[in-house]
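Here's the structure, in structure tokens; my notes come after.
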Amino acid sequence: MSYPIYSSLIAHLSLLISHLSPLISHLSLLIAHLSPLITHLSPLTSHLSPLISHHSPLTSSMDFTQNTYSTLLQALQAQGFSFITFAEYISYYKNKESVASGIQDNEAQSTNQPACRRQSGSLPALSWPGVTAKAGSINQSRQRQAGNQSILPEAGRQSINQPVRPLADQPTVILRHDVDLKPQNSLATAKLEHKLGIKGSYYFRAVPESWDEQIIREIAALGHEVGYHYETMDTVDSRHCESRSSFVGRSNLLNQDCFAKSARNDEMRIDAAFSLFVENLNHLRQIVDVKTICMHGSPRSKYDNRDIWQKYDYRKLGIIGEPYFDMDFDQFFYLTDTGRRWDGWRVSVRDRVSQQEQWIKKGLVFKTTSQIINAAHSGKLAPKIMITVHPQRWSSSAAPWVKELVWQNVKNMVKKIIVASNR
């Protein structure tokens, strides 16, 4: 007698489940819709500024301020850490490794790992989230382009004017900055580092909210490296969907896809993304010398910008390194302030590496900057570190500090849902 009731219940449950999948996808769009709300927080944070400044000065006791960042750098210096750019790491460390091992691209042809992903550590090929192609097919494509060229072209070996001391002789930090937004914050950070005798790598996006030619020149003049923070698998839509052709003016149409879903059109997208990558790289090279690049990843995008290198070889463009392919994370501990926290890998969609579990077992887990500072003073940090900083998150003014705090917490909640749905 009750069987029809159960059948109806099962049917309704099935319908509910079928609706859950697109619901999760639509949650990723929540970030875009929350932007106006965060913008409206600006007047509120302006009113909060005197209160915060009176009770808890941003310049002394709160995290993610310029003062806290300066304290972190000085704590690392006090423990004997030297700071180098990513290009210096490639020029010395990877070049020395190549010479010692006699590594050539024709050796890469005998492995299943594409040349751009070969590392000295145990990091497996194609282990990055979102990369689904087979290693063999990618390797064959890379071989056709690479020929028998050296992994480190001669042009890249002379990119650093000052000699780099052997990394094995002392604790070392590769200091990387992703200039996603607010380039003026990056300039302030670059000047702070310059006063401390520190240099790092600054990666600029080819979008108006990051690209500032005067700031790019000023940062390079301070002795820092400038690189390209590419995202053309995401932004290529605007190139093909709109008639506009002005550089650093195309909208990021993440939800508008001109390419139908098929294997051929996926390859067409990679071709178009590579073409846009070359165009943007050439624009940046008209301002400064560019030897390294770094992927920008949006949690809202269904594309992985690193997929370009399934088919193309950035070394053919005179690029000597990309951190997600050329860093040896078996040798270097990775710290990133993704999500405005130092354990942001828990909710990160793109900015994570496969060695994270190894570091957790060693107790190398930090949430706040003060925890890293304390670990440095007590000698508990790893001797080799890559630190990634997003300068827009570090401010000494109350209004932008509070705005970033609220916005990043909202984004982290959404990213947590995305990460959980991808498992």
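The values are calculated or read from the model by the stated rules, or taken from the named source; none is laboratory data. Keep in mind the model is a prediction, meaning the values are calculated, not measured. We place every Cβ from the backbone using ideal geometry, glycine too, and count neighbours over all the protein chains shown.
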Exercise. Would it be correct to say that R350 is within 12 Å of the chain's Cα centre (by Cα) and either modelled with pLDDT under 95 or surrounded by 19 or more Cβ atoms within 10 Å (Cβ to Cβ) (or both)?
Worked result: yes
Exercise. Is it the case that W342 is under 24 Å from Y89 (Cα atoms), surrounded by fewer than 21 Cβ atoms within 10 Å (Cβ to Cβ) and at pLDDT below 90?
Worked result: no
Exercise. Within the range 375-391, is there a residue that is over 24 Å from E88 (Cα atoms) and of a type in the set (A, V, I, L, M, F, W, C)?
Worked result: yes
Problem set entry | Given (1) assigned to a loop (DSSP other than H, G, I, E, B); (2) touching a His at 6+ places or on another chain (Cβ under 8 Å), index of the condition A382 fails | (2)
